[in-house]
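Novice: Shown below is the structure under consideration.
The values are calculated or read from the model by the stated rules, or taken from the named source; none is laboratory data. Predicted model, so just to flag it, every value in this text is computed and none were measured. For neighbour counting, all protein chains shown are included, and Cβ atoms are generated from backbone atoms with ideal geometry for every residue, glycine included.
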Amino acid sequence: MINLLNTSTKFEKYDTINTVKNLILFGKIKLPINLETVTYEEYILDEVKYSRDQAELIARTKALTQAKQKIPQDSEIINCEYHVFEEENEIIVRATVMCIETVGIKEEIEQNVM
């Protein structure tokens, strides 16, 4: 690995994101050379205290949003059940969604009648 740039950062708290791309010639030939990009993203820790009800509402919203991302867009949610678990200073919510989705394809069938 040849490092062409200075990889030090001035951030106090940061995430390091590595992206590796293989070099390919003519869309077919994979070269034994990789291009690695290192990105540093600063983050700031901010402690926020919520009431139990606020925390549960936020967790329910996030759980439903994540569930919606995992189902096909043309699906319709017909029921959503939440299971709330409380641990030390944490509220954990599991959302179970019931959906209607199309799993087949409409296709015209030709019939040969003799």
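Novice: Please work out which residue is farthest from the chain's Cα centre (by Cα), limiting yourself to segment 7-53 and to residues that are acidic (Asp, Glu) and within 29 Å of residue 91 (Cβ to Cβ).
Specialist: For segment 7-53, the residue satisfying everything is 53.
Novice: Now, a different point. Which residue out of 49, 28, 21 is without any contact (Cβ under 8 Å) to a residue 12 or more places away in the chain and more than 30 Å from residue 84 (Cα to Cα)?
Specialist: Values: 49 fails: more than 30 Å from residue 84 (Cα to Cα); 21 fails: without any contact (Cβ under 8 Å) to a residue 12 or more places away in the chain.
Being without any contact (Cβ under 8 Å) to a residue 12 or more places away in the chain and more than 30 Å from residue 84 (Cα to Cα) holds for just one of 49, 28, 21, which is 28.
Novice: Continuing with this model, one more query. If the requirement is being in a strand (DSSP E or B) and among the charged types (D, E, K, R), which of these qualifies: 47, 41?
Specialist: It is 41.
Novice: A further question on this structure: Given the conditions (1) at pLDDT 85 or above; (2) farther than 30 Å from residue 11 by Cα; (3) hydrophobic (A, V, I, L, M, F, W, C), which single one is not true for residue 105?
Specialist: Unmet condition: (1).
Novice: I'm trying to understand the selection: among the residues of segment 28-51, which are more than 17 Å from residue 12 (Cβ to Cβ) and in contact with a Lys or Arg (Cβ under 9 Å, 6 or more places away or on another chain)?
Specialist: Hits for segment 28-51 are 34, 35, 36, 37.
Novice: Considering only residues of segment 68-102 that are more than 27 Å from residue 54 (Cα to Cα) and assigned to a loop (DSSP other than H, G, I, E, B), which is modelled with the lowest pLDDT?
Specialist: Only one residue tops the list, namely 102.
Novice: Test residue 65 against the stated conditions and say whether it is without any contact (Cβ under 8 Å) to a residue 60 or more places away in the chain, part of a strand (DSSP E or B) and loosely packed, with under 11 Cβ neighbours inside 10 Å.
Specialist: On the way: without any contact (Cβ under 8 Å) to a residue 60 or more places away in the chain: yes; part of a strand (DSSP E or B): no; loosely packed, with under 11 Cβ neighbours inside 10 Å: yes.
For residue 65, the condition - without any contact (Cβ under 8 Å) to a residue 60 or more places away in the chain, part of a strand (DSSP E or B) and loosely packed, with under 11 Cβ neighbours inside 10 Å - is not met.
Novice: Turning to a different aspect of this structure: Among residues belonging to segment 75-95 that are among the aliphatic types (A, V, I, L, M) and surrounded by 10 or more Cβ atoms within 10 Å (Cβ to Cβ), point out the one that is farthest from residue 57 (Cα to Cα).
Specialist: So the residue we want is 77.
Novice: In addition: Of these, 92, 77, which one is of a type in the set (A, V, I, L, M), in contact (Cβ under 8 Å) with a residue 12 or more places away in the chain, closer than 30 Å to residue 47 by Cβ and out of contact with any Lys or Arg (no Cβ under 6 Å at 6 or more places or on another chain)?
Specialist: Going through 92, 77 in turn, the sole match is 92.
Novice: Between a first residue in segment 96-114 that is exposed (fewer than 10 other Cβ atoms within 10 Å of the Cβ) and a second residue that is in a loop (DSSP other than H, G, I, E, B) and modelled with pLDDT of 90 or more, which pairs have beta carbons less than 6 Å apart while being 6 or more apart in sequence or on different chains?
Specialist: Going by the 6 Å Cβ cut-off, there are no qualifying pairs.
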